[in-house]
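Inspection log for the structure reproduced underneath, given as structure tokens.
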Amino acid sequence: MRRQLFALAALGAAVTLGAATSPASAATPVWQETGTAYVDSLGGGQGLASRADGSLLHRGLGSIPLDLRIKGWNHVGDPDIAQGYVFDAYQGSDTATSKMFAVTTPSGKRYEYVHRLDAGERLNNSFASVSPDGQWLVSGEWGDQNRLQVFPAPLLNTATPRTGGALPQAPQITLDKPVRDIQGCDFVNDTRLLCASDDGSKELFPEDRPLLQVDLTRRLDGGPVTGHVTSLFALPQRSVCSGTFEAEGVDYDAARGTLRTEVVPPGVCQVATTVYTYRLQ
């Protein structure tokens, strides 16, 4: 992920449609944009997650706790919430040899799980997404990738230490086509994720900064799984400022059937991140 510097803002708005076609589904889901909102980019421009009561948790560079910054964790990704536990994805400098997942319990206690990079693994830790059964944590790297990483979900999976510690990888999700610059993913159900890509090249998919759907061959169970990738629609790029937009986090609120995506506008407008809301038509 690029690291954002923020200035003065002007906000953009309007309405757009996104149509999604999934070969793994009998019906053709169509995501209808239903609204826009704005969040301070410094405190919320990296990602978001929905709580059980429907309120939103936002994450940005300004939300990194001081003690974690001192330890070298200078970037936070798109978070997730599962069973009241908050999962945050942290990465360090460009020379880092590990990445970290912080888990905050419903009572407010935080535990740190550090994963030492395996051979060939990139240092990026773009997001955390917990499977609906609470057992597996999915994350991703930057650049061109043919996989999503899988870890046992800290605390919720009994295979993990109870008070933080080392976190090894589980067998991965192998994608049937490459993806680029994934900023966030969230589960829609046991076998489907929606992922925001910051790829504006149109080299891998026809859409500029596409929202991707990943359909798994089966629910995560600790073994290797294949994911079928479909591009659904281009994330909106609307602002009074011109330049390069950045796709960021994605959240699906299963209890309310609400999908949200974040896009950071260019130039001085990047002080405020746009949150787009969708529902199935």
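Of the strands (runs of 3 or more DSSP E) entirely within the stretch 234-281, none holds at least 1 residues that are touching a His at 6+ places or on another chain (Cβ under 7 Å) and open to solvent by 40 Å² or more (accessible area, probe 1.4 Å).
The residue pairs whose first member lies in the stretch 56-74 and is over 16 Å from residue 124 (Cα atoms), whose second member is of a type in the set (D, E, K, R) and open to solvent by 60 Å² or more (accessible area, probe 1.4 Å), and whose beta carbons are closer than 7 Å, counting only pairs six or more residues apart or on different chains, are 57/51.
Residue selection: residue 106 satisfies the criterion of being surrounded by fewer than 15 Cβ atoms within 10 Å (Cβ to Cβ), within 21 Å of residue 186 (Cα to Cα) and over 15 Å from the mean Cα position of the chain (by Cα). Listed by first and then second residue, the pairs linking a residue in the stretch 93-119 that is farther than 15 Å from residue 162 by Cβ to a residue that is part of a loop (DSSP other than H, G, I, E, B) and open to solvent by 70 Å² or more (accessible area, probe 1.4 Å), with Cβ atoms under 6 Å apart and 6 or more places separating them unless they lie on different chains, are 117/97.
Residues that are modelled with pLDDT of 50 or more and charged (D, E, K, R) within the stretch 1-57 comprise 33, 40, 51, 53, listed in sequence order.
Which of the residues spanning the stretch 139-158 are part of a loop (DSSP other than H, G, I, E, B) and of a type in the set (S, T, N, Q)? Listed by number, the residues that qualify are 157, 158.
Filtered by the rule that a residue be open to solvent by less than 10 Å² (accessible area, probe 1.4 Å) and closer than 23 Å to residue 197 by Cβ, the stretch 45-78 gives 45, 46, 47, 48, 49, 60, 75, 76, 77, 78. Of the residues making up the stretch 126-139, not a single one is open to solvent by 10 Å² or more (accessible area, probe 1.4 Å) and touching a His at 6+ places or on another chain (Cβ under 9 Å). Note on the stretch 220-229: residues that are open to solvent by 20 Å² or more (accessible area, probe 1.4 Å) and in a strand (DSSP E or B) total 2.
Within the stretch 29-44, the set of residues being open to solvent by 20 Å² or more (accessible area, probe 1.4 Å) and under 19 Å from the mean Cα position of the chain (by Cα) comprises 36, 37, 38, 39, 40, 42, 43.
Quick check on the stretch 202-219: of everything there that is within 18 Å of the chain's Cα centre (by Cα) and not in a strand (DSSP E or B), which residue is surrounded by the fewest Cβ atoms within 10 Å (Cβ to Cβ)? Here the answer is 208.
The values are calculated or read from the model by the stated rules, or taken from the named source; none is laboratory data. Please read all numbers here as calculations on a predicted model, not as lab measurements. Note that each Cβ is placed from the backbone with ideal geometry, even for glycine, and that neighbours are counted across all protein chains shown. Accessible surface areas use protein heavy atoms only, side chains included; no ligands, DNA or RNA. Shrake-Rupley method; radii C 1.70, N 1.55, O 1.52, S 1.80 Å.
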